[in-house]
Every structure is written in structure tokens, then in C-alpha cells.
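Here is the structure we will look at, set down as C-alpha cells.
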Amino acid sequence: MAALPKFFSPSASNTYQQCPLRWKFRYVDKLPDPPGVPALIGTFAHRVLELLCEEPAPQRTSARAKELARQVWPEISQHKDFEALALTDQEQHDFRWRSWKAIEGLWDLENPSEVEVLSTEKKMRTELSGVPFMGIIDRLDQAKDGTVVTDYKSGKPPRVTDRDHALEQILLYAAAVEAETGERPVRGQLLYLGKETLETEVTEDRLADCTGQLASIWSSLNKDCAADTFAASPGPLCGWCPYAGRCEDGAKEIKRRLAAGRMRQDAPALKLI
Ligand code: SF4
């Protein structure tokens, strides 16, 4: 029997939905899953925006964000995950430029000086429909009509067909806020920095749908842990799986997609198989 995790986060839930075997490698075997360039750009942008939103509202300017980015840069560049990427000078320059474009992209979506920030990087641990839930909320805002849950994204917005799935994360955060404070947020928003905002009203039905789905995924995970059996679920994301080298089904899938011209030549897992 594999040990159940003490808490279940939206990212662990996504990993399990994508592939139970990948979840097992990551969360039971605790094999490393080092972040690549896009994830570290996200870390850098999140940290700068966290500090920016802790400033008094009038000081949340793009000039101040630039100063904060300079201040935060050593934290990022001296981190072992960043050093492991072994970027050349030019690649490091590109990394900083892309990070700055993400940070500056906040002003395409809102004026942070006009936001009433209640908290940043709020850690939530609570029970949702019987699931021990954990998450970190990037920002909680006070709008005229109530509380708003905000999450920053430094990647591309999802396709139209995947938008509801992307918004489930923010609805789970809203459910956690309600469980902890007794107050239901009015809205959740995903800020795709420099691109667009995805927004959802927080309603009874939407909360019931997403917490119900979380409970069903958790129940399936409980069964897998009890049986110590985790199915491989090969698909296009095998090309980005850090465990492809130890997964026969994943390696076959990557080769099949490559032969059919349906796998990018720069997919990182190609180096693992
Ligand atoms: S390579 Fe694919 S099938 Fe194998 S663990 Fe990773 S995601 Fe799952």
C-alpha cells in the first residue's frame, strides 16, 4: 500500500488526472521534478509581483517593479534549480527579458495601484468535501462587491475548450477561503500576464461542481494507493515528463508521436529515452 499524502493541492490533482503513474513517481517515490525555464520565469515573476503588491498602493508602479526585479534576481540566479539549467550569458539575458515581459504584463490587465490588496501568497490548508486541501493564493483583493481571488499565470492562456478546467483551480481556492473564513468570494480571476484575464463568478453550483470533482479524484487516488497500482496514461505531455526514462509506455508514446511528426523536436523528455 502506498502512503496517502497528507494534503492534496490543485497541481497534485492535475498531475494525477494527467497520469496516475507520473503522480506516483512525483508524490510517492518523491523523484525529482526540476523546474525548467518557463516554471522559473513564473517563480521570478510571482516573487516580484508579491513584493510589489505588499507596497502601499501609490508605489505599485512599473519603475518600482523594475527595482524589485533587480533585488530579487540574486535569489533566482543563485538558486540550485536555476544553476542546474546551465544557461549561457545570452540565454540568461533572454530569461530576464522574458521574466520582465511577464512582470510588466500585469499593467496590460490592471493598474495594481487601484487594487485593494488583502493578502499575498496566502497558504490555505482546509477540508473540502472530505479532501485535505492545500493551496497558496497569489492574491486576495477587496472589490466593491466582495472578495476576489487572483492567481497569476506567466504561460499562455488555455484553448477555449480548456478554460473551464483552468478556472477550477481558482474556484477551489474560493471554496477554501469560504471554508476558512465563512465568507464566499464573489469572483476568481486568472491573470495571464501580458495576455488576458479569465474570470469566473463564484456560485454555489460552481463550487459544488469543482469540490465534487476534487472528491472524486481523491477517492480514485485513495483506491490506487490502497492497491499500490498506478496506471500509466500516455499522451502528448509524455514529452515533458521528467520520468519518461523509467516509463516504458511513455517512451513508446514519445517515439510513436515523433515518427508521426506529432511531438516537438525540442521536447525535453527526448533526452531521457
Ligand atoms: S512518461 Fe507519460 S505515461 Fe509515463 S509517467 Fe510520464 S506522463 Fe505517465
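Scanning segment 25-83 for residues that are of a type in the set (Lys, Arg) and surrounded by 13 or more Cβ atoms within 10 Å (Cβ to Cβ) turns up ARG26, ARG47, ARG60, ARG64, LYS66. Here TYR192, TYR152 are screened, and the one residue that is of a type outside the set (Asp, Glu) and closer than 15 Å to PRO10 by Cα is TYR152. Of all residues in segment 26-72, those satisfying the criterion of being more than 19 Å from GLU121 (Cα to Cα) and among the acidic types (Asp, Glu) are ASP29, ASP33, GLU67.
Determine, yes or no, whether LEU214 is crowded, with 18+ Cβ neighbours inside 10 Å and under 18 Å from the mean Cα position of the chain (by Cα). Taking the combined requirement at face value, the residue satisfies it.
The residues on offer are GLY146, GLY155, GLY194, and the sole one that is of a type outside the set (Ser, Thr, Tyr), more than 16 Å from the ligand (Cβ to nearest atom) and more than 30 Å from GLN265 (Cα to Cα) is GLY146.
The rows are residues; the columns are (1) within 16 Å of the ligand (Cβ to nearest atom); (2) farther than 23 Å from LYS122 by Cα; (3) hydroxyl-bearing (Ser, Thr, Tyr).
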residue	(1), (2), (3)
ALA176	no, no, no
ASN222	no, yes, no
ALA231	yes, yes, no
ARG262	yes, yes, no
GLN265	no, yes, no
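Within the bounds of segment 7-14, is there any residue that is closer than 21 Å to LEU85 by Cβ and either surrounded by fewer than 20 Cβ atoms within 10 Å (Cβ to Cβ) or within 15 Å of the chain's Cα centre (by Cα) (or both)? For segment 7-14, residues closer than 21 Å to LEU85 by Cβ and either surrounded by fewer than 20 Cβ atoms within 10 Å (Cβ to Cβ) or within 15 Å of the chain's Cα centre (by Cα) (or both): present. Taken as a whole, the condition of being under 30 Å from SER62 (Cα atoms), away from the ligand (no atom under 14 Å from the Cβ) and in a loop (DSSP other than H, G, I, E, B) does not apply to GLY188. Check GLU248 against each of (1) acidic (Asp, Glu); (2) more than 30 Å from PRO268 (Cβ to Cβ); (3) within 16 Å of the ligand (Cβ to nearest atom) and name the one condition it does not meet. Exception for GLU248: condition (2).
Rule-based calculations on the coordinates, nothing more; no lab input. This structure is a prediction, so every number in the text was calculated from the model and none was measured. Using ideal geometry, Cβ is built from the backbone for each residue, glycine included, and neighbour counts are taken over all protein chains shown.
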